[in-house]
Amino acid sequence: MPIFNDEIIQKIFGKEDAENEEPTRLKEYFFRNKAYQNLTSNLAIRILVGHKGSGKSALLRVAHNEDNARQIVSLWLRPDDVRAVVPHVATGDLNARIESWKKALTLLIAREVATHYCDNAASLIEAEKTRGYVRDIITMAREWFSNEINQGLAKVHRPVIESFLKNNVIRIYLDDLDRGWEATKTDITNISALLNALRDICGHGNNLQFRLGLRSDVYYLVRTSDESTDKIEANLIFLNWINHDILIVAAKRIESFFGRTIDEGALVNARQPQVARYLEPVIEPRFQGAGKWENVPVHRVLLSMVRHRPRDLVKLLSGAARAAFQKDHEIITSGDLRETFESYSNERMQDLINEFRTEFPEIQKLLRGMKPSKRVMHTIEEFAFSNDRLVVKLKNLMSQARFLFTNGTPVNVHSLAQFLYKIDFLIARKRMPNGEIVRKFFDQNRYLNDQFVDFGFDWEIHPAYRWALQPADPLGILNVTELDSDDVDEIGKSITLQAPPANATPATSTNSNVRLIKRGSPKASG
C-alpha cells in the first residue's frame, strides 16, 4: 500500500489544479463528462460556466491538448496576454468597448498564430499592427500559411498548416479571464463587451472557434446586468457535477495510480456503492463516527462534505492521507478523516471569502454571523432554517453590521439570502413524503430563493462549513447533520461492474516510495 507522503498523495489523487497536471497523468484519470462532450462540439463559441474548483480549466486544457494531437490550429491565450489589452477597452460605452475588444483580440490572435506557426513571425505581426482595422482571422491565416508553404518554410508545423488549409478551423482557448475580478460595473461591462465581441468576430461560420471559462458568479452578474447577453445563452455549458460523477473522478485517479484501467462507461452506469469499492485500496469502507454518521459507507461522508466540486474531494482525501501519514497508517481511517474536518471546513470558508469578497466586502462578517445560537444547539435547527427563521437571522445580522454589494445591488433580507444561496453557503432542502431529503444547489435551480414565491424548500448551511462555525462541538455536528443518500436524483445506475479476480496482482508502480501487496481491484457489489 502507498506511504502517504506529499509526493505520493499528489500522485494518487492528482494535483488540486488539474490543468497544471502532467499531461500524461491528466489523460489517465480525466473523466469525459457531458460538459466535455459539449465543449468539444464543432460550434463557434463554447462558454464553460462553473464555480471555482469545478474543473473548468482541466476540461479546457484537455480539449486543447487533444486539438493539438489532431493537428488542429489551437491557441491557448494566457491571462496576462488578455489583461494586457484590457486597458485599451476600459473606456467608452458598450458598443465602443466591443469594437476595442474586436481589434485587440484580433491583433492578439494574429500574434499567437504567427509566433507558433510561422517562421517570419516578427514581420507578419508588424504588418498586421499597421493595418489599423479588424481583419478576418481565417483569411489572414490562409494567406500566411500559403506563403509559408510556397516558400518552403514552416517545416516543423507543416502537418498542422496543411490540415488547416483543408479544414479552415482555428480554436482559441481563453481561461482565467476573471482573475482580478472585483465585480465593479466596469468589470461587468468589460466582460459583457468581450462576449459580444466574440459573437461579432466569429460571424456566421464555425471556422473561428472560441472556448472560454467563466466563474458562475461572474456570469450571473453579467447576465443580470446586460440584456444583450440573452444572445449567448445557446453557447453556454454549465459545469454542474453530480455526486456520482465526482465519485468516478476519485475512482479513476486511484485505479490509474495502481496501474489499472477501468471502463468509464461501466462506472457511469453503476451505483455509488459499486464505484466506492474502488476507493478501498486507500480508505476504509465504513465510517466509524457518531450519531447520523455511525457506520455509514464512507463515500456518503465524502460526498456530503464536498460542494459538487471535484477539487473539494481531492483536498479532503489529501488532508486525510496526510493525517494517516503522521500515524503511519497504510490506509486512511475514519479517525484520519475526522481529524481533517475542521481544517478542511476552515479552508472552504476561506475559499468563499477569497472568491466573493470583491463582490461583497463584508462577506466574512456575514458568514461568521451565521454561527448557530445557543438556543438551537444540538437540535436539527442548529444549521437549518425555515424561510421565516432565515429572515429573522438575516435581519438580526443587518442590525449589527453595514453590508454593501460592490455593484450597488440594494441590501435587504432577500438579496442577502440569494447571495448566500448563490455562493453555495446555503443549499435548498426538502424532506419528501418517503423521508428522503432532496437538496438543490444554486446551479441546479437558481430561482428557489425567490422573494415572491415559496417553493416549499427550507435552507441549511452546507456541511463543508459547519466545523468552521462550530469548532468546539465536532460530535454535535455529526448528531445533527444528515448525510446525502446514494444516487439521489441520479437515474439509471444499475449495472454490475466487472472487477478483476481477488487474487490479481496490481501493476508494478514506478513510484519508489510505494509498497504494493497482492490485492486486485475490489469486487463489484450487488
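Annotations for the structure displayed:
- Remark: Lys365 matches the filter, which requires a residue to be part of a helix (DSSP H, G or I) and either surrounded by fewer than 16 Cβ atoms within 10 Å (Cβ to Cβ) or touching a strand residue (DSSP E or B) at 6+ places or on another chain (Cβ under 8 Å) (or both).
Every residue, every condition in (1) modelled with pLDDT under 95; (2) buried (at least 16 other Cβ atoms within 10 Å of the Cβ); (3) closer than 30 Å to Leu214 by Cβ; (4) aliphatic (A, V, I, L, M), yes or no:
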| site | (1), (2), (3), (4) |
| --- | --- |
| Leu317 | no, yes, yes, yes |
| Ala321 | no, yes, no, yes |
| Phe325 | no, yes, no, no |
| Ile332 | no, yes, no, yes |
| Met349 | no, yes, yes, yes |
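- Filtered by the rule that a residue be surrounded by fewer than 23 Cβ atoms within 10 Å (Cβ to Cβ) and assigned to a loop (DSSP other than H, G, I, E, B), region 240-259 gives Asn240, Ile242, Phe258, Gly259.
- Checked against (1) over 16 Å from the mean Cα position of the chain (by Cα); (2) crowded, with 18+ Cβ neighbours inside 10 Å, Asp230 meets all criteria but (2).
- The residues in region 52-74 that are closer than 21 Å to Glu355 by Cα and of a type in the set (Asp, Glu) can be counted, and the count is 0.
- Some residue of region 2-15 being touching a Gly at 6+ places or on another chain (Cβ under 9 Å), acidic (Asp, Glu) and not assigned by TED's automatic domain parsing to the domain that holds Leu352: no
- Residues satisfying the stated conditions in region 141-183, i.e. among the basic types (Lys, Arg) and part of a loop (DSSP other than H, G, I, E, B): Lys155, Arg179
- Considering residues of region 337-362 that are in contact (Cβ under 8 Å) with a residue 12 or more places away in the chain and part of a loop (DSSP other than H, G, I, E, B) only, the residue nearest to Pro474 (Cα to Cα): Glu362
- Exactly one residue out of Ile262, Ile201 is at pLDDT 85 or above and either assigned to a helix (DSSP H, G or I) or surrounded by fewer than 16 Cβ atoms within 10 Å (Cβ to Cβ) (or both), and it is Ile201.
- Residue check, Arg131 in the same structural domain as Gly92 (by TED's automatic domain parsing), among the basic types (Lys, Arg) and modelled with pLDDT of 90 or more: no
The rows are residues; the columns are (1) modelled with pLDDT under 90; (2) under 24 Å from Gly50 (Cβ atoms).
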site: Ser146; (1), (2): no, no
site: Gln151; (1), (2): yes, no
site: His157; (1), (2): yes, no
site: Leu195; (1), (2): no, yes
site: Tyr220; (1), (2): yes, yes
site: Lys231; (1), (2): yes, yes
site: Val249; (1), (2): no, yes
site: Phe258; (1), (2): no, no
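Yes/no matrix, rows are residues, columns are (1) in contact with a Ser or Thr (Cβ under 8 Å, 6 or more places away or on another chain); (2) crowded, with 16+ Cβ neighbours inside 10 Å; (3) closer than 19 Å to Leu105 by Cα:
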{"position": "Ile137", "(1), (2), (3)": "yes, yes, yes"}
{"position": "Ser146", "(1), (2), (3)": "no, no, no"}
{"position": "Asn150", "(1), (2), (3)": "no, no, no"}
{"position": "Val160", "(1), (2), (3)": "no, yes, no"}
{"position": "Phe164", "(1), (2), (3)": "no, yes, no"}
{"position": "Asn167", "(1), (2), (3)": "no, no, no"}
{"position": "Arg171", "(1), (2), (3)": "yes, yes, yes"}
{"position": "Leu174", "(1), (2), (3)": "no, yes, yes"}
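- Conditions (1) assigned to a helix (DSSP H, G or I); (2) touching a helix residue (DSSP H, G or I) at 6+ places or on another chain (Cβ under 6 Å); (3) more than 22 Å from Thr481 (Cβ to Cβ): number failed by Ile237: (1)
- Total residues in region 383-418 satisfying the condition of being among the β-branched types (Val, Ile, Thr), under 27 Å from Val222 (Cα atoms) and without any contact (Cβ under 8 Å) to a residue 12 or more places away in the chain: the figure is 1.
- In the set Thr261, Thr229, only one residue is hydroxyl-bearing (Ser, Thr, Tyr), touching a helix residue (DSSP H, G or I) at 6+ places or on another chain (Cβ under 9 Å) and under 30 Å from Phe356 (Cα atoms); that residue is Thr229.
- Residue, modelled with the lowest pLDDT, within region 12-30, restricted to residues that are under 21 Å from Asp176 (Cα atoms) and of a type outside the set (Asp, Glu): Ala18
- Residue satisfying all of: in region 368-392; within 17 Å of Ala417 (Cα to Cα) and small (Gly, Ala, Ser); surrounded by the most Cβ atoms within 10 Å (Cβ to Cβ) among these: Ala384
- Taking every residue in region 200-211 that is more than 15 Å from Arg135 (Cα to Cα) and pairing it with any residue that is charged (D, E, K, R), at least 6 positions away or on another chain, the pairs with Cβ-Cβ distances below 9 Å are Gln209/Arg46; Gln209/Arg171; Phe210/Arg46; Phe210/Arg171; Arg211/Arg46; Arg211/Arg171; Arg211/Asp175.
The values are calculated or read from the model by the stated rules, or taken from the named source; none is laboratory data. Remember, predicted model here, so these are calculated numbers, not experimental data. FYI the Cβ positions are ideal-geometry reconstructions off the backbone, even for glycines, and counts take in every protein chain you see.
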